[in-house]
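Accompanying notes for the structure given below.
Just so you know, all these numbers are worked out from the coordinates, no wet-lab data involved. All of these numbers come straight from a predicted model, not from anything done at the bench. Cβ coordinates were reconstructed from backbone atoms using ideal geometry, including for glycine residues, and neighbour counts include every protein chain displayed.
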Amino acid sequence: MKPSKLQDHLRRCHPDKTEKDFKYFQTLKDKFQKRPTLDRMFASTLQRNDNGLRASYNISLLIAKSGKPHTIGEKLILPAVEEVLKTFTQTCI
């Protein structure tokens, strides 16, 4: 954003922060950049090998071997994996 538009935005949308010094905004930026994200949590694993693709293949193979419709993946497996990830992220933070 252009500096003039940034100053205008600060005055219009965040009038309570117009008196803050540069160090305050630098600290906000640092906190934002250091926040935990899924990409950062799994980055080391993803760089070593592509286990995500292997897991997806293995799940598809299990569904195919079960003889059930592939929609079982959407109804059962995806919610189960989401629950595992939610639990994992809550314990890591």
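Within the same chain, lysines fewer than 8 places from residue 68 are excluded, and of the rest, none has a Cα less than 19 Å from its Cα. In this rough spin-label picture, where each label sits 7 Å from Cα along the Cβ direction, the residue 57-residue 33 distance is 3.8 nm. For the residue pairs 5/86; 31/75; 5/31; 29/75; 2/34, the C-alpha atoms sit more than 28 angstrom apart in 5/86; 31/75; 29/75.
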